[in-house]
Amino acid sequence: MRLDGRTALVTGGTQGVGAAIAVALAQAGSNVVIHGLRNDEQAQRTLETCRSEKIDVGLVTSDLMTNTDQAVRELANAALKVNSSIDLLVNNAGAYIDKPFLEMDYETFDRTMRLNVASGYFLTQYFAKRWIERSVRGRVLFTGSINGLLSEPTHTAYDASKAAVAGLVRSLCVTLAPYGIRVNSMAPGLVRTPLTNQVLDSNPAALEWMKLHTPNGTVPEANVCGGTAVFLLSDLAEHIHGQTLYVDGGMSAWQQPDMPERSASK
């Protein structure tokens with residue numbers, strides 16, 4: 001499961017799931033252009049970890065929540081200046097910026113869809129045009145979420161955005177597969193990231209509740225997503241198109257968890 005000779009652009013790749021993907025791709029031999037909101041300590045740690053794999057690695061920074069068309073073009077151009085051989089695109093940038101449905105305003109909803117859906121849509125369009133012109137068999141991976149399948153009552157905009165990603169992947173598959181471009185997504189369940197750690201570490205009861213709702217009983221580190229990304233971008237997945245692979249410990253397969261006392265008796 002190697003990616004030697006490949007070059008990946010990973011959006012939102014400086015921390016959390018994005019950093020885990022960037023590191024895994026570097027370990028598999030791919031060169032990596034990492035995108036992040038800012039060049040901070042977390043970004044530098046991810047860069048250094050990737051550089052330790054003796055591959056070419058670079059960093060570009062931008063805010064994909066601004067004007068989508070301009071932001072996408074500026075990011076793509078900056079990434080290609082770092083490495084003009086990009087043939088793998090990981091649309092990972094996203095954020096939870098939700099409000100309860102009855103308090104939702106248009107700007108918050110629009111910002112959610114702009115970052116979580118539109119930026120990946122138009123980045124894929126940008127690189128697909130480039131690859132088709134150059135007869136490059138590119139590969140695209142979106143980061144979805146279990147929230148695209150299982151909803152939470154206070155996450156309406158976020159849930160809608162991640163459901164849109166799953167539909168977008170299917171649509172882009174049938175559009176781009178004839179050109180030899182593969183499009184897939186992976187959908188993590190709850191994993192530990194700098195954002196989720198704030199909640200899990202401050203509220204042990206919430207952590208135990210999430211473990212109860214996960215068949216394998218774990219809330220893992222984000223690096224569990226790395227191998228999935230490598231597989232879906234590798235030659236081993238050559239015939240996999242338009243699919244969403246859930247990385248969730250079985251949560252999406254479980255109608256409802258056992259009661260705590262029953263689980264303890266097993």
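Helical content alone sets the calculated 222 nm signal of the chain at -13500 deg cm²/dmol, taking -39,500 (n - 2.57) per DSSP H segment of four or more residues and averaging over every residue. Sorted from greatest to least, the principal axis extents spanned by the alpha carbons of segment 3-44 come out as 28, 14, 13 Å. Looking at the chain as a GNM with Cα springs under 10 Å, which of Asp98, Asp40, Asp110 has the largest mean-square fluctuation? For the chain, modelled as a Gaussian network with Cα springs under 10 Å, the answer is Asp40. Taking the fewest neighbouring Cβ atoms within 10 Å as the starting point, the ordered list for Trp131, Trp254 is Trp254, Trp131. Amide H contacts under 5 Å for Ala187: Gly144, Leu245, Tyr246, Val247, restricted to partners 5 or more places along the chain or on a different chain, H placed in the peptide plane at 1.01 Å from N. Simple rule: put +1 on each Lys or Arg Cβ and -1 on each Asp or Glu Cβ in segment 1-71, find the dipole, and look at Leu9, Asn39, Ala26; the Cα lying farthest toward the positive end is Ala26. Judged by the gyration tensor of its Cα atoms, with axes a ≥ b ≥ c, segment 67-129 is prolate; a/c meets the 1.5 cut and a/b is the larger of a/b and b/c. Remark: the Glu103-Thr154 segment gains 17.4 nm on full extension, using 0.36 nm per residue and subtracting the alpha carbon distance. Each residue, Arg73 and Glu238, gets one label point 7 Å from its Cα in the Cβ direction; the gap between the two is 3.8 nm.
Applying 1/(1 + (r/R0)^6) with R0 = 51 Å to the Cβ-Cβ distance of Ala206 and Asp56, what FRET efficiency is obtained, to the nearest 0.05?
Computed FRET efficiency for Ala206 and Asp56 comes out at 0.80.
Between Thr154, Thr244, Thr14, the GNM of the chain built on Cα springs shorter than 10 angstrom shows Thr154 fluctuating the most.
Fewest-first ordering of Val183, Val191, Val199, Val165 by other beta carbons within 10 Å of each residue's beta carbon gives Val199, Val191, Val165, Val183.
Would you mind checking segment 5-35 for residues with the amide N under 19 Å from a putative spin-label position 7 Å along Cα→C-beta of Asn197? 12-24, by backbone N distance to the label point. A Förster distance of 35 Å, applied to the separation of the beta-carbon atoms of Trp254 and Asp4, puts the FRET efficiency at 0.35.
Rule-based calculations on the coordinates, nothing more; no lab input. Everything numeric here is computed off the predicted structure, so don't read it as measured data. FYI the Cβ positions are ideal-geometry reconstructions off the backbone, even for glycines, and counts take in every protein chain you see.
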